[in-house]
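Presented below is the structure to which this report refers.
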Amino acid sequence: MNKKLAQRICAFALALALGISPGCAGKRIAQNPQSGRIDVQQQGGNAFSLEQEVQLGQQAAAQTEKELPILPESDPVSQYIRQLGQRLAAHTPEPKFNYTFKVVNQKEINAFALPGGPIYINVGTIQAADDEGELAGVMAHEISHIVLRHATSNATRQQYAALPLSILDAVLGGSSSTYAQLARLGLSFGAGSVFLKYSRDAEREADLLGAQIMYDAGYNPYSMAEFFAKLEQEGGSRGPEFLASHPDPGNRQQLVTQAVQKFPKKSFGRKDSPQFEQVKSVVAKMNPMTGEQIAQWRQKQQAQMRKAAMEQIRPSGSFQQLNHSAFSMGYPSNWEVFGDQKSAVTIAPKAGISQQAIAYGVVVSAVQPSPGSTLESVTRSLVNSIAESNPGTQVADTGQLNVSGMPAYSVTMRGPSPLSAGDGQVLAERDTLVTVQRPDGSVLFLVFIAPEQDMAALGNTYAEMLQSLQVR
Ligand code: ZN
(Lines give C-alpha, C1' and ligand atoms only; values in the text may rest on other atoms or scores of the structure.)
Protein backbone atom coordinates (compact mmCIF):
# COMPACT_ATOMS: atom_id res chain seq x y z
CA MET A 1 0.00 0.00 0.00
CA ASN A 2 1.40 3.39 -0.77
CA LYS A 3 1.24 6.22 1.67
CA LYS A 4 -0.94 8.64 -0.24
CA LEU A 5 -3.85 8.20 2.11
CA ALA A 6 -1.83 9.44 5.02
CA GLN A 7 -0.63 12.23 2.74
CA ARG A 8 -4.15 13.37 2.10
CA ILE A 9 -4.96 13.41 5.74
CA CYS A 10 -1.85 15.25 6.84
CA ALA A 11 -1.32 17.73 4.01
CA PHE A 12 -4.34 19.75 4.95
CA ALA A 13 -3.24 19.96 8.55
CA LEU A 14 0.24 20.94 7.37
CA ALA A 15 -1.25 23.73 5.28
CA LEU A 16 -3.30 24.94 8.21
CA ALA A 17 -0.34 24.84 10.52
CA LEU A 18 1.69 26.90 8.08
CA GLY A 19 -1.12 29.29 7.35
CA ILE A 20 -0.84 29.17 3.58
CA SER A 21 -3.54 28.73 1.03
CA PRO A 22 -3.42 26.42 -1.98
CA GLY A 23 -2.43 27.63 -5.42
CA CYS A 24 -0.66 30.77 -4.24
CA ALA A 25 2.60 30.24 -6.09
CA GLY A 26 3.53 33.64 -7.50
CA LYS A 27 5.89 34.70 -10.22
CA ARG A 28 9.33 33.72 -9.10
CA ILE A 29 11.65 35.54 -11.45
CA ALA A 30 11.68 38.70 -13.52
CA GLN A 31 14.18 40.47 -15.78
CA ASN A 32 14.99 44.02 -14.78
CA PRO A 33 14.25 46.16 -17.87
CA GLN A 34 17.14 48.57 -17.15
CA SER A 35 20.00 46.37 -15.98
CA GLY A 36 18.83 43.20 -17.72
CA ARG A 37 19.48 41.25 -14.51
CA ILE A 38 17.29 38.25 -13.74
CA ASP A 39 16.00 38.78 -10.22
CA VAL A 40 14.69 36.00 -8.01
CA GLN A 41 11.61 37.39 -6.33
CA GLN A 42 10.05 36.67 -3.00
CA GLN A 43 8.70 33.16 -3.24
CA GLY A 44 5.15 32.39 -2.22
CA GLY A 45 3.43 29.04 -2.28
CA ASN A 46 6.16 26.93 -0.76
CA ALA A 47 5.22 25.01 2.38
CA PHE A 48 8.83 24.10 3.14
CA SER A 49 11.37 26.13 5.09
CA LEU A 50 14.90 26.44 3.73
CA GLU A 51 16.11 24.12 6.51
CA GLN A 52 13.51 21.53 5.55
CA GLU A 53 14.50 21.93 1.93
CA VAL A 54 18.12 21.12 2.72
CA GLN A 55 17.24 18.25 5.05
CA LEU A 56 14.93 16.74 2.46
CA GLY A 57 17.51 16.96 -0.28
CA GLN A 58 20.21 15.34 1.84
CA GLN A 59 18.03 12.44 2.81
CA ALA A 60 16.76 11.99 -0.74
CA ALA A 61 20.39 12.06 -1.90
CA ALA A 62 21.29 9.24 0.50
CA GLN A 63 18.44 7.17 -0.95
CA THR A 64 19.32 8.08 -4.56
CA GLU A 65 22.92 7.08 -4.10
CA LYS A 66 21.85 3.63 -2.92
CA GLU A 67 19.79 3.21 -6.07
CA LEU A 68 22.18 4.50 -8.72
CA PRO A 69 25.78 3.68 -9.65
CA ILE A 70 27.64 6.85 -8.60
CA LEU A 71 31.26 7.33 -9.66
CA PRO A 72 33.64 7.65 -6.68
CA GLU A 73 34.46 11.21 -5.62
CA SER A 74 38.13 10.57 -6.43
CA ASP A 75 37.35 9.67 -10.05
CA PRO A 76 38.80 12.33 -12.40
CA VAL A 77 35.39 12.70 -14.10
CA SER A 78 33.74 13.37 -10.71
CA GLN A 79 36.47 15.84 -9.84
CA TYR A 80 36.02 17.75 -13.08
CA ILE A 81 32.23 17.91 -12.76
CA ARG A 82 32.61 19.13 -9.19
CA GLN A 83 34.96 21.92 -10.28
CA LEU A 84 32.77 22.98 -13.19
CA GLY A 85 29.72 22.92 -10.92
CA GLN A 86 31.36 25.05 -8.26
CA ARG A 87 32.47 27.57 -10.88
CA LEU A 88 28.84 27.98 -11.93
CA ALA A 89 27.44 27.86 -8.39
CA ALA A 90 29.63 30.84 -7.47
CA HIS A 91 27.28 32.95 -9.61
CA THR A 92 23.94 31.93 -8.10
CA PRO A 93 21.63 34.47 -6.47
CA GLU A 94 19.95 34.00 -3.08
CA PRO A 95 18.95 31.69 -1.47
CA LYS A 96 22.47 30.30 -1.17
CA PHE A 97 22.70 26.53 -0.95
CA ASN A 98 25.65 24.23 -0.59
CA TYR A 99 25.75 22.63 -4.04
CA THR A 100 27.21 19.16 -4.60
CA PHE A 101 27.87 17.59 -7.99
CA LYS A 102 28.12 13.85 -8.63
CA VAL A 103 28.34 11.67 -11.71
CA VAL A 104 26.02 8.73 -12.38
CA ASN A 105 27.62 5.95 -14.42
CA GLN A 106 24.63 5.77 -16.74
CA LYS A 107 24.52 5.80 -20.51
CA GLU A 108 21.31 7.77 -21.14
CA ILE A 109 21.54 11.57 -21.29
CA ASN A 110 20.16 12.85 -18.01
CA ALA A 111 20.82 15.21 -15.15
CA PHE A 112 18.74 15.98 -12.10
CA ALA A 113 18.72 18.15 -9.03
CA LEU A 114 17.41 17.44 -5.53
CA PRO A 115 16.11 20.12 -3.16
CA GLY A 116 18.72 22.24 -1.44
CA GLY A 117 21.83 21.38 -3.43
CA PRO A 118 22.56 17.84 -4.69
CA ILE A 119 23.02 17.61 -8.49
CA TYR A 120 23.65 14.47 -10.55
CA ILE A 121 24.98 14.28 -14.10
CA ASN A 122 24.96 11.09 -16.16
CA VAL A 123 28.12 9.99 -17.96
CA GLY A 124 25.93 9.94 -21.11
CA THR A 125 25.42 13.70 -20.79
CA ILE A 126 29.16 14.34 -20.72
CA GLN A 127 29.60 12.02 -23.70
CA ALA A 128 26.95 13.96 -25.64
CA ALA A 129 28.27 17.47 -24.91
CA ASP A 130 30.24 18.81 -27.87
CA ASP A 131 31.77 21.63 -25.90
CA GLU A 132 32.13 22.73 -22.31
CA GLY A 133 29.39 25.36 -22.72
CA GLU A 134 26.78 22.69 -23.46
CA LEU A 135 27.71 20.74 -20.35
CA ALA A 136 27.82 23.93 -18.27
CA GLY A 137 24.37 24.79 -19.69
CA VAL A 138 22.77 21.58 -18.42
CA MET A 139 24.36 22.12 -15.04
CA ALA A 140 23.40 25.82 -14.82
CA HIS A 141 19.83 24.79 -15.67
CA GLU A 142 19.78 22.18 -12.86
CA ILE A 143 21.32 24.67 -10.42
CA SER A 144 18.53 27.10 -11.32
CA HIS A 145 15.84 24.54 -10.46
CA ILE A 146 17.40 24.38 -6.98
CA VAL A 147 17.69 28.17 -6.55
CA LEU A 148 14.06 28.56 -7.59
CA ARG A 149 13.01 25.68 -5.28
CA HIS A 150 10.91 24.11 -8.02
CA ALA A 151 10.74 20.62 -6.50
CA THR A 152 9.31 21.73 -3.18
CA SER A 153 6.91 24.26 -4.65
CA ASN A 154 5.77 21.42 -6.92
CA ALA A 155 5.35 19.20 -3.87
CA THR A 156 3.39 21.93 -2.12
CA ARG A 157 0.95 22.08 -5.02
CA GLN A 158 0.71 18.29 -5.31
CA GLN A 159 -0.35 18.05 -1.70
CA TYR A 160 -3.36 20.20 -2.36
CA ALA A 161 -4.17 18.37 -5.56
CA ALA A 162 -4.28 15.16 -3.55
CA LEU A 163 -7.05 16.18 -1.17
CA PRO A 164 -10.27 14.59 -2.42
CA LEU A 165 -11.57 13.89 1.08
CA SER A 166 -12.36 16.78 3.32
CA ILE A 167 -10.87 14.92 6.21
CA LEU A 168 -8.49 16.28 8.71
CA ASP A 169 -6.22 14.59 11.15
CA ALA A 170 -6.91 16.88 14.07
CA VAL A 171 -3.61 16.31 15.79
CA LEU A 172 -0.61 16.29 13.52
CA GLY A 173 2.47 15.45 15.54
CA GLY A 174 5.59 17.43 14.91
CA SER A 175 8.35 15.62 16.70
CA SER A 176 9.61 13.33 13.97
CA SER A 177 12.07 14.50 11.34
CA THR A 178 10.86 16.32 8.26
CA TYR A 179 11.75 13.43 6.04
CA ALA A 180 9.96 10.88 8.21
CA GLN A 181 6.92 13.12 8.07
CA LEU A 182 7.14 13.50 4.33
CA ALA A 183 7.62 9.78 3.93
CA ARG A 184 4.40 9.42 5.83
CA LEU A 185 2.83 11.94 3.50
CA GLY A 186 3.86 9.76 0.61
CA LEU A 187 6.18 12.28 -0.97
CA SER A 188 9.22 10.93 -2.67
CA PHE A 189 12.12 12.97 -3.94
CA GLY A 190 14.29 10.08 -4.99
CA ALA A 191 15.34 9.24 -8.52
CA GLY A 192 12.33 9.04 -10.80
CA SER A 193 10.12 10.90 -8.36
CA VAL A 194 7.04 12.57 -9.82
CA PHE A 195 8.14 15.78 -8.14
CA LEU A 196 11.13 16.01 -10.43
CA LYS A 197 8.89 16.46 -13.44
CA TYR A 198 8.95 20.19 -13.96
CA SER A 199 6.24 22.34 -15.45
CA ARG A 200 6.85 24.37 -18.60
CA ASP A 201 6.82 27.52 -16.46
CA ALA A 202 9.53 26.05 -14.26
CA GLU A 203 11.52 25.19 -17.37
CA ARG A 204 11.26 28.74 -18.68
CA GLU A 205 12.44 30.09 -15.33
CA ALA A 206 15.35 27.64 -15.11
CA ASP A 207 16.38 28.58 -18.67
CA LEU A 208 16.38 32.31 -17.87
CA LEU A 209 18.26 32.05 -14.61
CA GLY A 210 20.54 29.40 -16.11
CA ALA A 211 21.37 31.81 -18.95
CA GLN A 212 22.45 34.46 -16.44
CA ILE A 213 24.57 32.01 -14.42
CA MET A 214 26.26 30.96 -17.69
CA TYR A 215 26.79 34.59 -18.68
CA ASP A 216 28.26 35.52 -15.30
CA ALA A 217 30.55 32.47 -15.30
CA GLY A 218 31.81 33.40 -18.76
CA TYR A 219 30.00 30.81 -20.87
CA ASN A 220 27.87 31.61 -23.87
CA PRO A 221 24.26 31.21 -22.65
CA TYR A 222 23.14 30.01 -26.10
CA SER A 223 25.07 26.78 -25.55
CA MET A 224 22.43 25.71 -23.04
CA ALA A 225 19.54 26.23 -25.46
CA GLU A 226 21.54 24.61 -28.24
CA PHE A 227 22.16 21.47 -26.21
CA PHE A 228 18.46 21.16 -25.42
CA ALA A 229 17.59 21.69 -29.09
CA LYS A 230 20.08 18.96 -29.97
CA LEU A 231 18.39 16.61 -27.49
CA GLU A 232 14.97 17.33 -28.98
CA GLN A 233 16.26 16.58 -32.47
CA GLU A 234 18.10 13.46 -31.41
CA GLY A 235 15.13 12.05 -29.52
CA GLY A 236 15.48 8.29 -29.69
CA SER A 237 16.73 6.20 -26.82
CA ARG A 238 19.43 8.46 -25.44
CA GLY A 239 17.59 11.34 -23.84
CA PRO A 240 13.88 10.71 -23.27
CA GLU A 241 14.16 10.66 -19.48
CA PHE A 242 15.67 14.13 -19.46
CA LEU A 243 13.05 15.51 -21.84
CA ALA A 244 10.25 13.90 -19.84
CA SER A 245 11.30 15.67 -16.66
CA HIS A 246 12.38 18.89 -18.41
CA PRO A 247 9.67 19.55 -21.03
CA ASP A 248 10.38 22.09 -23.76
CA PRO A 249 8.71 25.36 -22.70
CA GLY A 250 8.38 26.26 -26.39
CA ASN A 251 11.14 27.88 -28.37
CA ARG A 252 13.89 27.78 -25.82
CA GLN A 253 16.41 29.43 -28.12
CA GLN A 254 14.22 32.45 -28.75
CA LEU A 255 13.52 32.85 -25.06
CA VAL A 256 17.20 32.70 -24.16
CA THR A 257 18.09 35.02 -27.06
CA GLN A 258 15.60 37.66 -25.93
CA ALA A 259 16.88 37.52 -22.36
CA VAL A 260 20.54 37.64 -23.34
CA GLN A 261 19.95 40.66 -25.61
CA LYS A 262 19.08 42.64 -22.48
CA PHE A 263 22.31 41.60 -20.73
CA PRO A 264 25.24 44.03 -21.12
CA LYS A 265 27.27 43.19 -24.26
CA LYS A 266 29.98 40.65 -23.64
CA SER A 267 32.03 38.40 -25.88
CA PHE A 268 32.48 34.77 -24.95
CA GLY A 269 35.89 33.96 -26.26
CA ARG A 270 36.36 31.26 -23.66
CA LYS A 271 37.62 28.05 -25.17
CA ASP A 272 37.06 24.62 -23.66
CA SER A 273 39.33 24.01 -20.69
CA PRO A 274 42.11 21.41 -21.05
CA GLN A 275 40.31 19.46 -18.30
CA PHE A 276 37.19 19.25 -20.47
CA GLU A 277 39.24 17.79 -23.32
CA GLN A 278 40.82 15.26 -20.95
CA VAL A 279 37.49 14.21 -19.44
CA LYS A 280 35.95 13.87 -22.91
CA SER A 281 38.62 11.35 -23.84
CA VAL A 282 38.09 9.49 -20.54
CA VAL A 283 34.29 9.20 -20.96
CA ALA A 284 34.68 8.20 -24.62
CA LYS A 285 36.34 5.00 -23.39
CA MET A 286 33.79 4.34 -20.64
CA ASN A 287 30.97 1.84 -20.96
CA PRO A 288 28.28 3.20 -18.62
CA MET A 289 25.28 1.08 -17.54
CA THR A 290 21.96 1.46 -19.32
CA GLY A 291 18.84 2.37 -17.36
CA GLU A 292 17.62 -1.17 -17.92
CA GLN A 293 20.78 -2.68 -16.45
CA ILE A 294 20.49 -0.39 -13.45
CA ALA A 295 16.87 -1.48 -12.93
CA GLN A 296 17.89 -5.16 -13.04
CA TRP A 297 20.71 -4.54 -10.60
CA ARG A 298 18.30 -2.78 -8.25
CA GLN A 299 15.75 -5.61 -8.52
CA LYS A 300 18.35 -8.18 -7.55
CA GLN A 301 19.31 -6.02 -4.59
CA GLN A 302 15.66 -5.79 -3.52
CA ALA A 303 15.12 -9.56 -3.74
CA GLN A 304 18.10 -10.08 -1.43
CA MET A 305 16.82 -7.46 0.96
CA ARG A 306 13.39 -9.10 1.02
CA LYS A 307 14.90 -12.42 1.99
CA ALA A 308 16.80 -10.84 4.86
CA ALA A 309 13.80 -8.73 5.79
CA MET A 310 11.46 -11.72 6.28
CA GLU A 311 13.60 -12.82 9.22
CA GLN A 312 12.96 -9.48 10.91
CA ILE A 313 9.30 -9.24 9.94
CA ARG A 314 8.09 -12.46 11.58
CA PRO A 315 6.31 -11.45 14.84
CA SER A 316 8.25 -12.46 17.94
CA GLY A 317 5.21 -13.98 19.67
CA SER A 318 5.33 -11.63 22.64
CA PHE A 319 3.38 -8.37 22.74
CA GLN A 320 4.00 -4.88 24.03
CA GLN A 321 1.47 -2.11 24.54
CA LEU A 322 1.04 1.15 22.62
CA ASN A 323 -0.73 3.86 24.62
CA HIS A 324 -1.86 6.50 22.15
CA SER A 325 -4.06 9.50 22.98
CA ALA A 326 -6.86 8.01 20.86
CA PHE A 327 -6.46 4.28 21.58
CA SER A 328 -4.36 1.56 23.14
CA MET A 329 -3.32 -1.64 21.44
CA GLY A 330 -0.89 -4.51 21.79
CA TYR A 331 1.68 -5.18 19.06
CA PRO A 332 4.55 -7.60 18.45
CA SER A 333 7.53 -6.70 20.62
CA ASN A 334 9.94 -6.87 17.68
CA TRP A 335 7.91 -4.31 15.68
CA GLU A 336 8.16 -0.54 15.96
CA VAL A 337 5.82 2.42 16.17
CA PHE A 338 6.48 5.13 13.57
CA GLY A 339 4.90 8.54 13.96
CA ASP A 340 3.92 10.71 16.86
CA GLN A 341 1.86 9.35 19.73
CA LYS A 342 -0.69 12.09 19.07
CA SER A 343 -0.98 11.66 15.30
CA ALA A 344 -1.38 8.90 12.76
CA VAL A 345 0.96 6.02 13.48
CA THR A 346 2.28 3.05 11.57
CA ILE A 347 3.05 -0.06 13.60
CA ALA A 348 5.37 -2.20 11.54
CA PRO A 349 8.54 -4.22 11.42
CA LYS A 350 11.31 -1.87 10.30
CA ALA A 351 12.04 -4.12 7.33
CA GLY A 352 8.40 -3.97 6.26
CA ILE A 353 8.30 -0.32 5.26
CA SER A 354 10.17 1.91 2.88
CA GLN A 355 10.00 5.62 2.10
CA GLN A 356 7.30 5.09 -0.47
CA ALA A 357 5.31 2.15 0.77
CA ILE A 358 4.19 -0.13 3.55
CA ALA A 359 4.39 -3.83 2.74
CA TYR A 360 3.82 -5.20 6.26
CA GLY A 361 2.24 -3.42 9.17
CA VAL A 362 -0.74 -1.57 10.54
CA VAL A 363 -1.62 2.07 9.87
CA VAL A 364 -3.77 3.70 12.54
CA SER A 365 -5.31 7.12 12.00
CA ALA A 366 -8.51 9.06 12.63
CA VAL A 367 -10.89 11.17 10.60
CA GLN A 368 -13.45 13.73 11.62
CA PRO A 369 -16.61 12.89 9.66
CA SER A 370 -18.61 15.72 8.13
CA PRO A 371 -21.95 16.36 9.84
CA GLY A 372 -24.65 13.84 8.99
CA SER A 373 -22.30 11.13 7.83
CA THR A 374 -22.55 7.63 9.25
CA LEU A 375 -19.84 5.16 10.16
CA GLU A 376 -20.85 3.26 7.04
CA SER A 377 -20.44 6.27 4.73
CA VAL A 378 -17.11 7.20 6.30
CA THR A 379 -15.98 3.59 5.80
CA ARG A 380 -17.02 3.77 2.18
CA SER A 381 -15.11 6.97 1.47
CA LEU A 382 -12.02 5.54 3.16
CA VAL A 383 -12.29 2.44 0.95
CA ASN A 384 -12.58 4.68 -2.12
CA SER A 385 -9.61 6.71 -1.03
CA ILE A 386 -7.48 3.62 -0.48
CA ALA A 387 -8.52 2.17 -3.83
CA GLU A 388 -7.76 5.47 -5.56
CA SER A 389 -4.27 5.82 -4.13
CA ASN A 390 -3.54 2.11 -4.69
CA PRO A 391 -4.60 1.36 -8.27
CA GLY A 392 -5.77 -2.21 -8.78
CA THR A 393 -7.24 -2.55 -5.30
CA GLN A 394 -10.64 -4.25 -5.06
CA VAL A 395 -13.00 -4.99 -2.20
CA ALA A 396 -13.15 -8.70 -1.41
CA ASP A 397 -15.30 -8.81 1.68
CA THR A 398 -17.12 -6.53 4.11
CA GLY A 399 -18.53 -7.21 7.55
CA GLN A 400 -19.66 -5.68 10.82
CA LEU A 401 -18.07 -6.41 14.14
CA ASN A 402 -17.62 -5.15 17.64
CA VAL A 403 -14.40 -3.47 18.71
CA SER A 404 -13.92 -2.64 22.39
CA GLY A 405 -17.68 -2.50 22.84
CA MET A 406 -18.26 -0.17 19.87
CA PRO A 407 -19.80 -1.04 16.51
CA ALA A 408 -17.22 -1.35 13.79
CA TYR A 409 -16.85 -2.16 10.10
CA SER A 410 -14.30 -4.39 8.49
CA VAL A 411 -13.47 -4.32 4.77
CA THR A 412 -10.98 -6.70 3.18
CA MET A 413 -9.34 -5.53 -0.02
CA ARG A 414 -6.98 -7.17 -2.48
CA GLY A 415 -4.46 -5.33 -4.62
CA PRO A 416 -0.83 -5.22 -5.71
CA SER A 417 1.85 -5.26 -3.01
CA PRO A 418 4.82 -2.87 -3.31
CA LEU A 419 6.92 -6.03 -3.22
CA SER A 420 7.80 -8.30 -6.07
CA ALA A 421 8.87 -11.93 -5.98
CA GLY A 422 12.35 -13.00 -7.05
CA ASP A 423 11.20 -13.28 -10.69
CA GLY A 424 10.02 -9.67 -10.72
CA GLN A 425 6.31 -10.53 -10.52
CA VAL A 426 4.36 -8.17 -8.26
CA LEU A 427 2.98 -9.93 -5.17
CA ALA A 428 -0.70 -9.77 -4.26
CA GLU A 429 -1.52 -7.83 -1.12
CA ARG A 430 -4.36 -8.10 1.35
CA ASP A 431 -5.45 -5.00 3.25
CA THR A 432 -8.07 -5.06 5.94
CA LEU A 433 -9.63 -1.75 6.90
CA VAL A 434 -11.34 -1.58 10.29
CA THR A 435 -13.32 1.55 11.26
CA VAL A 436 -14.68 2.27 14.71
CA GLN A 437 -16.39 5.34 16.16
CA ARG A 438 -14.69 7.10 19.07
CA PRO A 439 -16.67 8.60 21.95
CA ASP A 440 -15.98 12.13 20.57
CA GLY A 441 -17.62 11.26 17.25
CA SER A 442 -14.43 10.94 15.20
CA VAL A 443 -13.69 7.67 13.48
CA LEU A 444 -10.57 5.66 14.26
CA PHE A 445 -9.42 3.52 11.38
CA LEU A 446 -6.83 0.80 11.06
CA VAL A 447 -5.41 -0.77 7.92
CA PHE A 448 -3.75 -4.17 8.36
CA ILE A 449 -1.34 -4.76 5.48
CA ALA A 450 0.56 -7.84 4.29
CA PRO A 451 1.25 -9.72 1.07
CA GLU A 452 -1.43 -12.39 0.54
CA GLN A 453 1.15 -15.18 0.78
CA ASP A 454 2.24 -14.06 4.27
CA MET A 455 -1.25 -13.53 5.68
CA ALA A 456 -1.33 -17.09 7.03
CA ALA A 457 1.72 -16.27 9.13
CA LEU A 458 0.47 -12.83 10.21
CA GLY A 459 -3.30 -13.33 10.42
CA ASN A 460 -3.30 -14.48 14.03
CA THR A 461 -1.07 -11.59 15.08
CA TYR A 462 -3.39 -9.08 13.39
CA ALA A 463 -6.47 -10.68 15.02
CA GLU A 464 -4.78 -10.49 18.40
CA MET A 465 -3.86 -6.84 17.88
CA LEU A 466 -7.46 -5.99 16.99
CA GLN A 467 -8.76 -7.88 20.02
CA SER A 468 -6.50 -5.86 22.28
CA LEU A 469 -7.67 -2.53 20.79
CA GLN A 470 -9.24 -0.09 23.25
CA VAL A 471 -10.72 3.09 21.77
CA ARG A 472 -10.52 6.29 23.79
ZN1 ZN B 1 14.49 21.74 -16.24
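Here are the numbers for the structure shown:
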read-out	value
Number of positions in the stretch 243-281 that are open to solvent by 60 Å² or more (accessible area, probe 1.4 Å) and more than 16 Å from the ligand (Cβ to nearest atom)	15
Unique residue being crowded, with 24+ Cβ neighbours inside 10 Å, under 17 Å from the mean Cα position of the chain (by Cα) and either within 16 Å of the ligand (Cβ to nearest atom) or modelled with pLDDT of 50 or more (or both) when the list is A191, A136, A151	A151
Residue count for the stretch 276-320, restricted to those that are among the polar types (S, T, N, Q) and either part of a loop (DSSP other than H, G, I, E, B) or modelled with pLDDT of 95 or more (or both)	7
Count of residues meeting criterion [more than 31 Å from the chain's Cα centre (by Cα) and surrounded by 12 or more Cβ atoms within 10 Å (Cβ to Cβ)] in the stretch 282-320	4
Restricting the stretch 120-133 to residues that are in a helix (DSSP H, G or I) and in contact with a Phe, Trp or Tyr (Cβ under 6 Å, 6 or more places away or on another chain), the residue that is farthest from the ligand (Cβ to nearest atom)	E132
Within the stretch 349-435, strands (runs of 3 or more DSSP E) holding 2 or more residues that are under 20 Å from F338 (Cα atoms) and open to solvent by less than 30 Å² (accessible area, probe 1.4 Å)	361-367
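The values are calculated or read from the model by the stated rules, or taken from the named source; none is laboratory data. The model shown is predicted, which means the values in this text are computed figures rather than measured ones. Backbone-built Cβ (ideal geometry, glycine too); neighbour counts: all protein chains shown. Protein only, heavy atoms only, side chains kept; ligands, DNA and RNA dropped before computing areas. Shrake-Rupley method; radii C 1.70, N 1.55, O 1.52, S 1.80 Å.
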